[in-house]
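S.K.: Below is the structure I would like to discuss, written out as structure tokens.
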Amino acid sequence: MKIGFLGTGHITSSIIKGIFKSKLKVNKIYVSPRNKLVSKKLSKKFKKVIISKNNQQLIDFSNWIFLAVTPKVGHRILEDLNFKKNKKIISFISTINLEKLKKYTKNKNITRAIPLPFIGIRKGPIIICPKDKTLKRFFDNLGRTIEIQNEKISKNFWTISSFMAPFYNLMAVISNWLVKRGVNRKSSEQYTRELFLALAQDSMFKNKMTLKQLVGESQTPGGINAQALKELNKKKFYKIQQTVLNSIFKRF
Ligand SMILES: NC(=O)c1ccc[n+]([C@@H]2O[C@H](COP(=O)([O-])OP(=O)(O)OC[C@H]3O[C@@H](n4cnc5c(N)ncnc54)[C@H](OP(=O)(O)O)[C@@H]3O)[C@@H](O)[C@H]2O)c1
């Protein structure tokens, strides 16, 4: 199979790294010349990655084409490209819906997907919409594929993916606090990373419990976790989290 990536930025880079760590058999991966630095780096690292002359060439040479440009660029360039009917298109573009994608590409064989950067280490959920068995099999090699039939529902998952930076920021604030208290940076960061990794892994291990039950289980009445939760609640920390999610949702 030959696949192509229109737009060679962060997410393309992560997926290609994931592919070469997996058992997936791809003959060639065509990438667009932009970004120049990223495409050069990838083609230097992986022999099967070829930088195409232009966007149309990568489409013509590939069986599957992944759209990995920003929405602004997508609106500008997609209509002028020629996607033959036998091509399979997978779009990562956050805010261009299926109807518009079909109109731009004049092709009905389109699936939207939400890969996230840790696909590079073959971890995490990957939403695809609508359901697609072949694509699910492909992405199952790179993480855990979740099929969503309804595009409207899939918008909720796009919204949640905005919480990667806030999650890391929560970790950064904790680590910086430790540094201010005199712990050296290396130990602070290591402790924080280990703590959140263990919490996430433990929550998967205890998957018979709801998340709400986990919140309860991790508190001792009158203990420090109970106090932290109570104070954060009182300061509307979690209400704000919901307000922010609602506001992000409006972008989709
Ligand atoms: N990053 C994520 O975690 C993530 C997750 C899910 C979905 N997505 C979606 O995936 C898309 C790409 O995100 P990203 O984070 O990878 O963005 P990015 O790093 O900015 O990559 C976009 C790429 O498109 C290239 N580009 C610009 N104009 C182009 C053109 N005319 N033809 C071909 N390529 C062109 C850019 O090159 P230059 O640098 O030369 O401009 C850049 O390499 C977005 O729609 C985003 O919503 C991203």
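S.K.: Having 1 or more residues that are farther than 17 Å from P166 by Cβ and aliphatic (A, V, I, L, M) is the bar; report the helices (runs of 4 or more DSSP H) wholly within segment 178-252 that clear it. Give the steps one after another, and end with the answer.
M.R.: Working: elements: 185-205, 211-217, 224-234, 237-249.
Fully inside segment 178-252 and qualifying: 185-205, 211-217, 224-234.
S.K.: Among the candidates I126, I119, I77, which residue alone is part of a helix (DSSP H, G or I), within 15 Å of the ligand (Cβ to nearest atom) and under 16 Å from S14 (Cα atoms)?
M.R.: On the way: I126 fails: part of a helix (DSSP H, G or I); I77 fails: under 16 Å from S14 (Cα atoms).
Testing whether each residue is part of a helix (DSSP H, G or I), within 15 Å of the ligand (Cβ to nearest atom) and under 16 Å from S14 (Cα atoms) leaves just I119.
S.K.: Go through (1) under 26 Å from E147 (Cα atoms); (2) more than 14 Å from the ligand (Cβ to nearest atom) and name the single condition K28 misses.
M.R.: If we test K28 against (1) under 26 Å from E147 (Cα atoms); (2) more than 14 Å from the ligand (Cβ to nearest atom), just (1) comes out false.
S.K.: A further question follows. Here is a list: K155, K133. Which entry is among the charged types (D, E, K, R) and either over 19 Å from the mean Cα position of the chain (by Cα) or over 30 Å from L98 (Cα atoms) (or both)? Talk me through it step by step, then tell me what you get.
M.R.: Numbers: K155 fails: either over 19 Å from the mean Cα position of the chain (by Cα) or over 30 Å from L98 (Cα atoms) (or both).
Exactly one residue qualifies, and that residue is K133.
S.K.: Let me ask something additional. Quick check: anything in segment 37-45 closer than 20 Å to L142 by Cβ, surrounded by 15 or more Cβ atoms within 10 Å (Cβ to Cβ), of a type in the set (K, R) and more than 7 Å from the ligand (Cβ to nearest atom)?
M.R.: No, every residue in segment 37-45 fails to be closer than 20 Å to L142 by Cβ, surrounded by 15 or more Cβ atoms within 10 Å (Cβ to Cβ), of a type in the set (K, R) and more than 7 Å from the ligand (Cβ to nearest atom).
S.K.: Report, ordered by the first and then the second residue, all pairs with beta carbons closer than 8 Å, sequence separation of six or more or different chains, a first member in segment 20-38 that is under 12 Å from V49 (Cβ atoms), and a second member that is at pLDDT 95 or above and of a type in the set (F, W, Y).
M.R.: F20/F46; K28/F61; I29/F5; I29/F46; Y30/F5; Y30/F61; V31/F5; S32/F5
S.K.: If we scan segment 107-123, do we find a residue that is modelled with pLDDT under 95 and within 12 Å of the chain's Cα centre (by Cα)?
M.R.: No, the conditions are met nowhere in segment 107-123.
S.K.: Here's a follow-up. Residue under question is E194, and the condition is that it be of a type in the set (D, E) and surrounded by 12 or more Cβ atoms within 10 Å (Cβ to Cβ); does it hold?
M.R.: Numbers: of a type in the set (D, E): yes; surrounded by 12 or more Cβ atoms within 10 Å (Cβ to Cβ): no.
Considered against the rule, which asks whether it is of a type in the set (D, E) and surrounded by 12 or more Cβ atoms within 10 Å (Cβ to Cβ), E194 comes out as no.
S.K.: Still on this model: Determine if segment 61-73 includes at least one residue that is away from the ligand (no atom under 12 Å from the Cβ), among the aromatic types (F, W, Y) and touching a helix residue (DSSP H, G or I) at 6+ places or on another chain (Cβ under 7 Å). So that I can check it myself, show each step before the final result.
M.R.: The initial filter retains those residues of segment 61-73 that are away from the ligand (no atom under 12 Å from the Cβ), namely 61-64.
Narrowing the set further to residues that are among the aromatic types (F, W, Y) leaves 61, 64.
Subsequent filtering for residues that are touching a helix residue (DSSP H, G or I) at 6+ places or on another chain (Cβ under 7 Å) retains none.
No; the residues of segment 61-73 include none that is away from the ligand (no atom under 12 Å from the Cβ), among the aromatic types (F, W, Y) and touching a helix residue (DSSP H, G or I) at 6+ places or on another chain (Cβ under 7 Å).
The values are calculated or read from the model by the stated rules, or taken from the named source; none is laboratory data. Treat the numbers as computed from the prediction; the structure is a model and nothing was measured. A quick note on method: Cβ atoms are made from the backbone with ideal geometry, for glycine too, and the neighbour counts reach across all protein chains shown.
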